[in-house]
Each structure stands twice: as structure tokens, then as C-alpha cells.
Amino acid sequence: MKPVEVEFLRRLFTDRPEWRVLGKVSGRLADLEGVGSVSGARVNYSSADFEKAKNTLLTRGFPLKSPQAGFARSQAPAGGSEKTRAKAVMADLVAVVPLNMPAVNQAPAQGFLAIPVMDAAAMPFEILLVCENLEPLMHIRDYEWLDGFISGRRTLAVFRGKPHLFNTAAAATLIEDLILNRPTLAFYDFDPKGLCMADSLPRREALCLPDWKELEAATRAAARTNLFTQSAHVSTAQLDATADPAISLAWSRLKHLTMGLDQEGFPKG
């Protein structure tokens, strides 16, 4: 019996409808299992049909209720699909790059590791570098000026996550890290939204930006006025009220430039 047929019988037994539209599943179950009677474009049901639905499920070894959502695909219940109601395969994975940690598995030179968040938390890092975008994480070693913020410490660079890519909730679990209380480095876009995220990062030790002369030149050359205007109006209140001198200084420079710069455009070296 197909998973869609199992679910149909479960709903039929639970909801006990008088009829359902004649369709591929309802018609097949009426024809092959004798559950319901076809009348024109409908399939009519009686109390006897609800009992047939129940007995069909039980005799085939299927539970009467659908499993709770969130199980792993490898734990799909009998008669169920490994996809329907299952937890997304990448739900608990985070994208990370270990830095200055030769004793742990290393990411490719231009790549990252995708591992369960609890495995990432178990790594012997001293500081967590939170990266806004995935591509800069892949090339994190190219931003040599980050060494001034890392200062030789065992560092775990982590992508903050994005819907339908890497779960933001999984990354947040690592970022919160309230038990071990390790400091964080904020590596975000040079734009109002990025500064707001940096301002909200727990246990923030530093805002990671390149040398101002290089950053200013790169920002003017890119001329990304949209990176300022598209988030300035929703970020102004928070950034005007920040107590962090580094973020306040970056905000004043952004307002002067009225343009921003994405991480991908940051100077390397």
C-alpha cells in the first residue's frame, strides 16, 4: 500500500466524512479495498467503511495515527514516506571552517565542512567567528586581515545560516553557546543590516572590518548605494542607540558614504 493511501485511510477513520471527491486514491481504495461506494463524482462512506479503513490499516501493520513530524528519514514509520513529515536532512547541520586547529578535520582550501551542530560545538575552539554569507566563509582564509582579530587563537568560523540552505536555528544554537561562554567575532556586510546583526551578536568581542582606507576605496568603487538605502530606514534607531564604539564609528562612516559593501567585495590580503 502506498504512503498516500495509508494517509488517506487514516484521515478517513479520524474525520469520518460522509463523502469524498472521486479521485485516484479514493477510487482505488473503493475498488480494491471496498472502502466506500462510488456514486457519480463522489465516494460515499458509512460507519462500516470507517471500520474497514481501520481494519485495513491494522491488518497491514500500520498505526492508526500519523507519526509526529520531525523524525529522521532513516526512522520513517511503516507505511510512511521517508520525506513526508520528516525533518529536513540539513536541519541540524552547520557550515564551518576550523582555523588554527590542526588536530581536527580541516575544510578544503576553498570550501567548508557541513557537520551536525553538536559536533561543531564539541570542537576545541576558543573563539567563534560568525560569517554572514556562505561564499566568504568558503574563502575565509583569503581575508588575511582577519588574523588581526583572531590573534592566533583556535577559531571556528560559522555561516549564520539562511532559509532553505543551512538552518539559521542550528547556527543560532552554536552562536548562543551560553554554557561555555566563548567570545564571538562579527564578520558581516558593511551595510546597516550587517551592523545591526553585529550589534545583536552575543558576547561580541569585535566587529571585523578591513582597514578603513581600503574599505572606503572598495566601497566607493563598488558604488552599491542600494546596500545602504534598502536597510537604513529599519536600522537607524538601533544603530543610533548602540553603545559599541566600533559599530557607532562604522555607522557614521556608512551615513557619510550613503553606500555599502557586501563581504564578497571586501579587500583580501
inquiry  = Within the stretch 197-212, does at least one residue satisfy the condition of being basic (Lys, Arg) and more than 22 Å from Phe149 (Cα to Cα)?
reply    = no
If we keep only residues of the stretch 76-127 that are among the basic types (Lys, Arg) and out of contact with any Pro (no Cβ under 7 Å at 6 or more places or on another chain), then the residue modelled with the lowest pLDDT is Lys83
Taking the stretch 121-141 and keeping residues part of a loop (DSSP other than H, G, I, E, B) and either within 21 Å of Pro202 (Cα to Cα) or in contact with a strand residue (DSSP E or B) (Cβ under 7 Å, 6 or more places away or on another chain) (or both) leaves Ala122, Met123, Pro124, Phe125, Glu126, Glu132, Asn133
Filtering the stretch 15-42 down to residues that are within 17 Å of Met1 (Cβ to Cβ) and in contact (Cβ under 8 Å) with a residue 12 or more places away in the chain yields Val25, Ser26, Gly27, Arg28, Leu29, Ala30, Glu33, Gly34, Val35, Gly36
Condition set surrounded by fewer than 18 Cβ atoms within 10 Å (Cβ to Cβ) and free of Cβ contacts under 8 Å to residues at least 60 places away in the same chain, scope the stretch 258-269, selection nearest to Ala237 (Cα to Cα): answer is Thr258
Could you tell me whether the stretch 147-158 includes any residue that is within 21 Å of Gln238 (Cβ to Cβ) and out of contact with any His (no Cβ under 9 Å at 6 or more places or on another chain)?
-> no
>> When you check Phe190 against the structure, is it more than 30 Å from Ser248 (Cβ to Cβ) and of a type in the set (Phe, Trp, Tyr), yes or no?
In response: no
Within the stretch 109-120, residues being buried (at least 17 other Cβ atoms within 10 Å of the Cβ) and in a helix (DSSP H, G or I) number 2
Subset of the stretch 150-172, residues surrounded by fewer than 17 Cβ atoms within 10 Å (Cβ to Cβ) and out of contact with any Ser or Thr (no Cβ under 8 Å at 6 or more places or on another chain), comes to Ser151, Gly152, Arg153, Pro163, His164, Leu165, Thr168, Ala169, Ala172
Over the stretch 215-241, the set of residues farther than 22 Å from Leu146 by Cα and surrounded by 17 or more Cβ atoms within 10 Å (Cβ to Cβ) is Arg224, Leu227, Phe228, Ser231, Ala232, Ser235, Leu239
Over the stretch 57-75, the set of residues over 14 Å from Val4 (Cα atoms), at pLDDT 65 or above and not in a loop (DSSP other than H, G, I, E, B) is Leu58, Thr59
With the first residue restricted to the stretch 116-145 and required to be under 17 Å from Gly269 (Cα atoms) and in the same structural domain as Ser200 (by TED's automatic domain parsing), and the second required to be of a type in the set (Asp, Glu) and surrounded by fewer than 20 Cβ atoms within 10 Å (Cβ to Cβ), Cβ contacts under 7 Å at 6 or more apart or on different chains are Glu135/Glu264; Pro136/Glu264; Trp145/Asp211
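Conditions tested, residue by residue: (1) at pLDDT below 95; (2) under 27 Å from the mean Cα position of the chain (by Cα); (3) more than 11 Å from Asp191 (Cβ to Cβ).
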position: Leu209; (1), (2), (3): no, yes, yes
position: Ala221; (1), (2), (3): no, no, yes
position: Phe228; (1), (2), (3): no, yes, no
position: Ala241; (1), (2), (3): no, no, yes
position: Ala246; (1), (2), (3): no, no, yes
position: Gly260; (1), (2), (3): no, yes, no
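The values are calculated or read from the model by the stated rules, or taken from the named source; none is laboratory data. The shown structure was predicted, so the numbers you read here are calculated from the model rather than taken from an experiment. In this analysis, Cβ positions are derived from the backbone assuming ideal geometry, glycine residues included, and neighbour counts consider all displayed protein chains.
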